[in-house]
Amino acid sequence: MARNIYVTRRISQKGLDILKNRYNVSMWDSDEPVPRDELLKKIVGCDGIYCVLSDKIDAKVIEAAGSTLKTISTMSVGYDHIDLSMCKQRNITVGYTPDVLTDATAELTVALLLAASRRIVEGVNEVKSGGWGTWKPYWMCGLGLSGSTVGIVGLGRIGLAVANRLKPFGVKRFLYNNRTPSQHAPLIAAELVSFEQLLEESDFVVVSCALNSDTKEMFNSKAFEKMKSSAILINTSRGGVVQQDDLYKALKTGEIKAAGLDVTTPEPLPTDHQLLSLRNCVILPHIGSATDDTRETMTILAAENLVAGIEGAPMPHQVKI
Ligand code: DGY
């Protein structure tokens, strides 16, 4: 009997062909998210769901799909949008796309760090608005990486790839507080320290951990109090790791120097959000993995995960539940 697959977003032809060659595929043919009501209707009786990180695959969605649902495959390395305990209860396998986006995300993390520390966006705005006067010795000064200490919260694949890219800038020490095992990147010399010590001693704090109950809002007023007033926070993981009202206060009062965020809560961030009023906060629209090649590779891997899950074979990348 042919299996039914629901794809929650328009994906590339290559990814779609992998599924269409085998299954009945119904796809929400748009770059914009599928409306919740439509999703709840379309997934009834499907065997597999192909989703992206902005789809909330919660208990209601899983229940609506019914007992046929065998596999969920997300085109993302993060899977905090999927109710894993519900999947476990119902024996539903979950696929994700680690590794293939490590380089792109690490590259963007470095770009964001440099943008925040060397005040790139502020500088461009000054040029455009006529704020660029004669050369001034102390104008637009930022923080350099040479001789600095970089703390990485969550030294997994992406954290390691960031560290490897930052090393040639002359970083003196790398600190980390916890590590996700990874065979994919060579280890740099990094010191394991407590979260508190990492906050106290780092010039740059790079957040690269998954969002879960341990990491939710771990960057709050208590954490910002411990950081150096010259420190810069970079977050390319998930917005939920940062308490944004506390971050706003810390940036506004000079408790920390600057921040670079590729992820926020919510996404998109409303254009009148208080964080957007700050000169020392660079915000990007969740583009960590956004290179053409990376997104295509993610698309295909997510399709392959889904096929394996539906066929009951080992997935190339399956979430351990
Ligand atoms: C992911 O895949 O989880 C990333 O956040 C995308 O950039």
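The values are calculated or read from the model by the stated rules, or taken from the named source; none is laboratory data. Worth saying up front: this structure is predicted, and the values here are computed from it rather than measured. Quick reminder, even Gly has a Cβ in these numbers, built from the backbone with ideal geometry, and neighbours come from all protein chains shown. The protein model used for the area step is the full one, side chains on, heavy atoms only, and it has no ligands, DNA or RNA in it. Shrake-Rupley method; radii C 1.70, N 1.55, O 1.52, S 1.80 Å.
A compact table of results
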| read-out | value |
| --- | --- |
| Residues located in the stretch 79-92, provided they are over 15 Å from Ser54 (Cα atoms) and surrounded by fewer than 22 Cβ atoms within 10 Å (Cβ to Cβ) | Leu84, Ser85, Met86, Cys87, Lys88, Gln89, Arg90, Asn91 |
| Matching option when the condition is within 16 Å of the ligand (Cβ to nearest atom), surrounded by fewer than 23 Cβ atoms within 10 Å (Cβ to Cβ) and modelled with pLDDT of 95 or more, among Gly254, Gly240 | Gly240 |
| Lys14 being of a type in the set (Lys, Arg), in a helix (DSSP H, G or I), open to solvent by 20 Å² or more (accessible area, probe 1.4 Å) and in contact with a helix residue (DSSP H, G or I) (Cβ under 8 Å, 6 or more places away or on another chain) | yes |
| Members of the stretch 257-290 found to be part of a loop (DSSP other than H, G, I, E, B) and away from the ligand (no atom under 16 Å from the Cβ), listed by number | Lys257, Pro270, Thr271, Asp272, His273, Leu278, Arg279, Asn280 |
| The lone exception for Asn178 - which of (1) farther than 24 Å from Leu284 by Cβ; (2) within 22 Å of the chain's Cα centre (by Cα); (3) modelled with pLDDT of 95 or more it fails | (3) |
| Evaluation of Arg173 against (1) open to solvent by less than 80 Å² (accessible area, probe 1.4 Å); (2) of a type in the set (Lys, Arg); (3) touching a helix residue (DSSP H, G or I) at 6+ places or on another chain (Cβ under 6 Å) (one fails), failing number | (3) |
| Of residues in the stretch 45-78 being buried (at least 23 other Cβ atoms within 10 Å of the Cβ) and hydroxyl-bearing (Ser, Thr, Tyr), the one nearest to the ligand (Cβ to nearest atom) | Thr74 |
| Where Met1 falls short, out of the listed (1) part of a helix (DSSP H, G or I); (2) at pLDDT below 95 | (1) |
| Flag for Arg119 being within 25 Å of Cys51 (Cα to Cα) and open to solvent by 40 Å² or more (accessible area, probe 1.4 Å) | no |
| Matching residues, the stretch 100-109, being farther than 23 Å from Lys216 by Cα and either in contact with a strand residue (DSSP E or B) (Cβ under 9 Å, 6 or more places away or on another chain) or surrounded by fewer than 19 Cβ atoms within 10 Å (Cβ to Cβ) (or both) | Asp103, Glu107 |
| Residues of the stretch 86-108 classified as touching a residue at least 40 places away in the same chain (Cβ under 8 Å) and either away from the ligand (no atom under 16 Å from the Cβ) or of a type outside the set (A, V, I, L, M) (or both), total | 12 |
| Residue, farthest from the chain's Cα centre (by Cα), within the stretch 60-84, restricted to residues that are of a type in the set (Val, Ile, Thr) and either in a loop (DSSP other than H, G, I, E, B) or under 19 Å from Pro316 (Cα atoms) (or both) | Thr68 |
| Candidates Leu301, Leu275, filtered to the one that is of a type in the set (A, V, I, L, M, F, W, C) and free of Cβ contacts under 8 Å to residues at least 40 places away in the same chain | Leu275 |
| Sole residue being small (Gly, Ala, Ser) and at pLDDT below 95, chosen from Ala163, Ala189, Ala115 | Ala189 |
| Among (1) crowded, with 23+ Cβ neighbours inside 10 Å; (2) outside the structural domain of Tyr79 (by TED's automatic domain parsing); (3) within 15 Å of the ligand (Cβ to nearest atom) - the single one Met298 does not satisfy | (2) |
| Which listed residue, of Gly156, Gly151, is at pLDDT below 95 and under 22 Å from the mean Cα position of the chain (by Cα) | Gly156 |
| Hey, Asn305 of a type in the set (S, T, N, Q) and within 16 Å of the ligand (Cβ to nearest atom) or not | yes |
| Residue in the stretch 34-44 that is more than 16 Å from the ligand (Cβ to nearest atom), surrounded by 22 or more Cβ atoms within 10 Å (Cβ to Cβ) and over 23 Å from the mean Cα position of the chain (by Cα) present | yes |
| Selection from the stretch 205-222 of residues that are surrounded by 14 or more Cβ atoms within 10 Å (Cβ to Cβ), in a loop (DSSP other than H, G, I, E, B) and out of contact with any Gly (no Cβ under 9 Å at 6 or more places or on another chain) | Met218, Asn220 |
